[in-house]
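A.B. asks: Quick one: the structure is below, and I'll ask about it shortly.
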Amino acid sequence: MSYLRLIYLVLVIIGGIKPMMHFLAWFNEYGYSWVDIVAAWTVNEASRGLMWDLTISACVLTIWMASEVYVRKDWWVFVVCFIATFGIGVSCGLPLYLFLRSRTFK
């Protein structure tokens, strides 16, 4: 495995664990309500700006992944990365896509 792929993999792990630690802590404290967490994301202008920044980035990433996957025909990669992006965040979905995209075929 190349150093670049190893870096992507480490970022997938960090980008998956770190946000989920905060989400799970929030859910454990306030309950498992998506309505409440979205309300928390929009509590002030700073958090609302960050929410929109990440939402737009996730949409751009999805469009880019879809356009590349259409050519490559790696539909399973799109599905896995889409779930990671919108289930965890761009910090997990983007490095996961780059990790899977950079694999070698034998």
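What follows is calculated from the coordinates using simple rules that are stated; it is not laboratory data. Here the structure is a predicted model, which means the values were calculated and not measured. Using ideal geometry, Cβ is built from the backbone for each residue, glycine included, and neighbour counts are taken over all protein chains shown.
A.B. asks: What residue among Phe78, Leu61, Phe27 has its Cα farthest toward the positive end of the dipole of segment 3-101, where the charges are +1 on Lys, Arg and -1 on Asp, Glu, each on the Cβ?
C.D. replies: Looking along the dipole axis, the top candidate is Phe78.
A.B. asks: If you don't mind, there's one more thing I want to ask. Can you give the charge dipole size of the chain about its Cα centre, rounded to the nearest 20 debye, using +1 on the beta carbon of Lys and Arg and -1 on the beta carbon of Asp and Glu?
C.D. replies: Values: 8 positive and 6 negative charges, 130 e Å.
Using Cβ point charges on Lys, Arg, Asp and Glu, the chain gives about 620 debye.
A.B. asks: At R0 = 41 Å, how high is the FRET efficiency between Asp36 and Ala66 if r is their beta carbon distance? Nearest 0.05 is fine. All intermediate terms of the calculation are to be shown ahead of the outcome.
C.D. replies: Working: r = 31 Å, r/R0 = 0.75.
So, using R0 = 41 Å, E works out to roughly 0.85.
A.B. asks: Can you work out the FRET efficiency for the pair Met51 and Val10, with r the C-beta to C-beta distance and R0 = 25 Å, to the nearest 0.05? Before the final figure, lay out each step's value.
C.D. replies: Details: r = 26 Å, r/R0 = 1.05.
The computed FRET efficiency comes out at 0.45.
A.B. asks: If you don't mind, there's one more thing I want to ask. Looking at the P(r) of the chain, how many percent of alpha-carbon pairs lie beyond 19 Å? Display every interim value, and only then the final one.
C.D. replies: Working: 2829 of 5565 pairs.
The calculated P(r) of the chain puts 51 percent of pairs beyond 19 Å.
A.B. asks: Quickly estimate the mean residue ellipticity at 222 nm for the chain, helices only: each DSSP H run with n ≥ 4 gives -39500 (n - 2.57), and the total goes over all residues, rounded to 500.
C.D. replies: Numbers: 5 runs with 89 residues, N = 106.
Helix contribution divided over all residues of the chain: -28500 deg cm²/dmol.
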